[in-house]
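Derivation of every value follows stated rules applied to the coordinates shown; laboratory data play no part. Model, not experiment: these values are computed from the prediction. Glycine also receives a Cβ, built like all others from the backbone with ideal geometry; neighbour counts cover every protein chain displayed.
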Amino acid sequence: MEEYEWEDWLPFLILMVASVIYLGKSALGLSSHRKRHNFRPLEQEYKKELEEHFLYYQNLSSTNKRKFETRVQAFIDGNDFIPRSYTHVNAEMKALIAGSAIQLTFGFEHLNLEHFRKILIYKDNYYSTITRKYHQGEVNARGLIVLSWNNFVEGYEVHDDGRNLGLHEMAHALRLENAINNDEYDFIDDAHINKFELLAKAEMERIQMGADSFFRKYGAANRHEFFAVAVENFFERPNEFKEYHLELYHTMTLLLKQDPIRLFQGYNSVPF
Ligand SMILES: [Zn+2]
């Protein structure tokens, strides 16, 4: 058996350290290329759309409006908007879709749903070859958000019926973002999620047993759908939600770090 001195291994050791440094640098290089970290003022064409069509934004204080605007621009910059039934994606589509993502995540200072990079826009319900069903929208773990524009617009046009496709899909995206191990990971306090799941389970059981509920039946499909349906109601009918189930409403304000009722009374979103 040959004897080796440690110096014999030195070239390999140097090579290993060098490659670790290189890998580290390239990973850092990737994240610094992300446009979403370059906060800049919202472009006028998008601002106009928010001012005309986005009630949540219209109700914000002027300080919160500025904050909302830069986050909308960062979301637009950080995502590819891909038309499916259209020749191009217009400013209204980009502004309002980004708006729904920021509305949901407004309580978190810098959250931008980083895992999601592509937003596919259909005109109407579309046929999914995976589920073999027609969908209004979907979100998948590969980083895709799919929306049908007509349904999205209806969600905001009828703003107080507890139905909002944009917020519904963004709610799915938020929970996935929280579960996927990346820069934006585990930002929701586990205690709030656990409390929410506990209260949700009880409400879902009530719905499954045929009891009258503030939440539509679809919410009882599974815990992910219940969360998405709860989010729709949290923003569209906060007063009624609070009156129906104070504890669940309160848990959602902790989970999302914002309270739409107080926000519109002029309070800042953080702390609320
Ligand atoms: Zn859903």
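Would you work out which of His224, Pro260, Leu147 lies farthest towards the positive end of the dipole of segment 39-263, given +1 charges on the beta-carbon of Lys and Arg and -1 on that of Asp and Glu, about the Cα centre?
The residue sitting farthest along the positive end of the dipole is Leu147.
Calculate the translational D of segment 39-263 in whole µm² s⁻¹ from Stokes-Einstein, where the hydrodynamic radius comes from the Kirkwood formula applied to all Cα pairs, the temperature is 25 °C and the viscosity 0.890 mPa s.
Roughly 138 µm²/s, to the nearest whole number.
Using the Cα centre as the reference, give the magnitude of the dipole from point charges on the C-beta atoms of segment 71-150 (Lys, Arg: +1; Asp, Glu: -1; all else neutral), rounded to the nearest 20 debye.
Using only the charged Cβ atoms, the result is roughly 320 debye.
I need Met93, Met209 ordered by Cβ neighbour count within 10 Å, fewest first.
Met209, Met93
Remind me, relative contact order of segment 39-263 in percent, using alpha carbon pairs under 8 angstrom and six or more residues apart?
Once normalised by length, the contact order is 16 percent.
Tell me the Kirkwood hydrodynamic radius of segment 196-272 in angstroms, computed as one over the mean inverse distance between distinct C-alpha pairs.
12.7 Å
As I understand it, the dipole of segment 39-263 uses +1 on the Cβ of Lys and Arg and -1 on the Cβ of Asp and Glu, about the Cα centre. Which of Gly78, Ala191, Tyr156 lies farthest toward its positive end?
The listed residue farthest towards the positive side: Gly78.
How many angstrom separate the Cα center of segment 82-103 from the Cα center of segment 193-207?
Taking the Cα centre of each part, segment 82-103 and segment 193-207 sit 33 Å apart.
Short version: ³J(HN,Hα) in whole Hz for each residue of segment 254-263, in order, from phi by Karplus 6.51 cos²θ - 1.76 cosθ + 1.60 (θ = phi - 60°), x for Gly and Pro, what are they?
6, 5, 9, 6, 7, 10, x, 5, 6, 4
Amide H of Ser148: which non-local residues (sequence gap of 5 or more, or other chain) have their own amide H closer than 5 Å, using H built in the peptide plane?
For Ser148, whose amide H was placed from the backbone, the distant partners under 5 Å are Tyr122.
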